[in-house]
Amino acid sequence: MTLALNSLDSAEIFQDPTTLEACSADVYSRGVTACALLRPRSVERCAAALAELTAAGYHIVVRGGGMSYTGGYVPVRERTVVLDTSALDSIVEINATDMYITVEAGVTWKQIYEALQPLGLRLPFFGTFSGAQATVGGGLSNGALFLGTARYGTGADAVLGLEVALANGSIVRTGQRGFAAAEKPFYRTCGPDLSGLFLHDSGSFGVKLRATLRLIEAPEETGHASFVFDSIEAAARALSVIGRSGAAEEAYVFDPETTRKNLRSEGLLSDANVLLNVVRSETSWWRGLKEGLGLVKAGRRFLPEQAYSLHVTCAARSRAALEADLDTCRQVALQQGGSVIPHSIPKTVRANLFPPLDGVVGGEGERWAALNAKVAHSDAENIIRASAEKLAPYRERMQAEGVWMSHLLIAISNHAFSFEPVFHWHDEWLPVHQRFASESIKQKLGTPPAKPAARELVAQMRAELVTLFAELGAASNQLGKTYPYRSILRPETAALFDKLKATVDPAGLMNPGALD
């Protein structure tokens, strides 16, 4: 079947088998093969195409940068069209006086950072690990976080307003631009917060076309610190205290294997790259040279064999304020039993923002899939312990099938703790792995064989943890089709959700299977 639309020309419609296979899978799983992928070249054409498709009874899933691993844009029904917003990649306005930026949904976090940097401006939260590919539309649909998150929260916390196409093609403006006389999208919550309705919705309430995000002045000074602890619990306690203090822009914990992996990464800590990028990242070239030489001298040999490492990045308007924040982090870490180590990892992360995306597979070509649970700081140790207990019966099978785990802990603003267990295993690659894996890994490994037993084991353990997280009342920043939502709401809340969904998507065509 050839799809033709009045609103789009043939160059915006893709139906070749290779494209359809690629857009019907994310980083973790394959779905029902879509019947078409559309890549509209303007927000108006996108909204018009949406109206045509839903009038014809097609199911719609919206895709941004394609970095999800929760099935958010994976089709689950026949007659599904993937609406790819990556061509909506214009920065509409940067308003340095009123401190906001308006961008189209397909703009990447890297693109925003590079546009703002010459102006001395920045987003509060300013990107993800995959920010070279990940888009604003996808990030706001799925809860983008990391850079700046410990102090400023997630991407959703920076939103001032949205332009969203509903299922019928009508365009809704939220925030101040929702008012007929308002010209500037400078304020979010005059009246009910309608922007929140479309955040973290996996595109099931509408298609994000544009977003307005608040700006801050870029900090003058940035510094880093790293510490090691002899247990994940001790590291988690220190992370929570630092998170509550507001002293750091980023605060995160790596387990021993993840720490070693990052230190081995050629792109992360090759001596020449460290020296050049660290010098460039410092306001003073002399301080940058000293910092870079210090990292090169420390090399990869300073870390104990078994240690959980906590890394912080602090930023401030003055050197004195920066040192005060760093001192707060040091005192906390030492009080919780940590030891100071060279700050190679956080320094290099900031010096190499938005690296190439060959990280979609591991250094030996292994696949990975993360889960995440957001809890209150006081519940952090409980979810770590409960997760370990839940997976303990699988240890022998994991060893037999070559499945292993890593963990990432992140502080979110001063009020939330993020627990991210990550499964690793060898298996056949999906299209996204083929696209982004480095050429050296491809040449080394060729085409990895399928390992269905390992894949099935990972799926089983993921399901166990997803159920556990729901039982513990944990939140998630990326629901997709992996985590339950509607089914675990309180009855009164579920009833309101159903009415809202029926209003914006009466035929239930927008991303069926999401938010169930």
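Of note:
- Only listed residue being among the small types (G, A, S) and closer than 19 Å to A416 by Cα, chosen from A474, A507: A474
- Residues within the range 19-34 that are in contact with a helix residue (DSSP H, G or I) (Cβ under 8 Å, 6 or more places away or on another chain) and either over 25 Å from F436 (Cβ atoms) or of a type in the set (S, T, N, Q) (or both), tallied: 1
- Of G72, G57, all but one fail to be touching a helix residue (DSSP H, G or I) at 6+ places or on another chain (Cβ under 8 Å), in a loop (DSSP other than H, G, I, E, B) and not assigned by TED's automatic domain parsing to the domain that holds V136; the exception is G72.
- Residues located in the range 388-445, provided they are under 19 Å from A474 (Cβ atoms) and of a type in the set (V, I, T): I410, I412, V422
- Strands (runs of 3 or more DSSP E) contained entirely in the range 329-442, each with at least 1 residues that are crowded, with 22+ Cβ neighbours inside 10 Å: 367-370, 373-375, 404-412, 416-425
- Any hit, the range 476-495, residues being of a type in the set (D, E) and either touching a helix residue (DSSP H, G or I) at 6+ places or on another chain (Cβ under 6 Å) or under 27 Å from V61 (Cα atoms) (or both): no
- I94 at pLDDT 95 or above, in a strand (DSSP E or B) and surrounded by fewer than 23 Cβ atoms within 10 Å (Cβ to Cβ): yes
- A373 touching a helix residue (DSSP H, G or I) at 6+ places or on another chain (Cβ under 9 Å), modelled with pLDDT under 95 and of a type in the set (G, A, S): no
- The range 134-164, subset over 11 Å from the mean Cα position of the chain (by Cα) and assigned to a loop (DSSP other than H, G, I, E, B), residue farthest from V504 (Cα to Cα): G148
- Residue identified as charged (D, E, K, R) and within 30 Å of A507 (Cβ to Cβ) among R210, R237, R214, R244: R210
- Residues that are part of a loop (DSSP other than H, G, I, E, B), among the hydroxyl-bearing types (S, T, Y) and either under 26 Å from T102 (Cβ atoms) or modelled with pLDDT of 95 or more (or both) do occur in the range 26-40.
- Selection over the range 75-91 of residues that are among the hydrophobic types (A, V, I, L, M, F, W, C), under 17 Å from S202 (Cβ atoms) and part of a loop (DSSP other than H, G, I, E, B) gives a count of 1.
- Pick from the range 174-201, criterion surrounded by fewer than 23 Cβ atoms within 10 Å (Cβ to Cβ) and in contact with a Pro (Cβ under 8 Å, 6 or more places away or on another chain), ranking: nearest to I412 (Cα to Cα): Q176
- Taken over the range 460-516, the criterion of being in a helix (DSSP H, G or I), among the charged types (D, E, K, R) and more than 15 Å from F205 (Cα to Cα) is satisfied by R462, E464, E471, E492.
- Qualifying residues in the range 473-497 (those that are surrounded by 17 or more Cβ atoms within 10 Å (Cβ to Cβ) and closer than 10 Å to D516 by Cβ) - the one farthest from the chain's Cα centre (by Cα): Y485
- Residue match in the range 142-152 (condition: among the small types (G, A, S) and surrounded by fewer than 19 Cβ atoms within 10 Å (Cβ to Cβ)): no
- Number of the condition not met by Q117 [criteria: (1) surrounded by 23 or more Cβ atoms within 10 Å (Cβ to Cβ); (2) at pLDDT 95 or above]: (1)
- Subset of the range 307-329 [more than 28 Å from the chain's Cα centre (by Cα) and of a type outside the set (S, T, Y)]: R319, A320, A321, E323, A324, D327
- Residue check: V43 meets all listed conditions (1) surrounded by fewer than 18 Cβ atoms within 10 Å (Cβ to Cβ); (2) under 22 Å from D89 (Cα atoms) but one, namely (1).
- The range 306-328 - residue that is in contact with a Pro (Cβ under 7 Å, 6 or more places away or on another chain) and loosely packed, with under 15 Cβ neighbours inside 10 Å and, of those, nearest to L239 (Cα to Cα): Q306
- Matching residues in the range 313-323 - criterion: being in contact (Cβ under 8 Å) with a residue 60 or more places away in the chain, assigned to a helix (DSSP H, G or I) and among the aliphatic types (A, V, I, L, M): A321, L322
The values are calculated or read from the model by the stated rules, or taken from the named source; none is laboratory data. All figures in this text were calculated on a predicted structure; none of them were measured in a lab. Methodologically, a virtual Cβ is constructed for each residue, glycine included, from the backbone with ideal geometry; neighbour enumeration extends over all protein chains shown.
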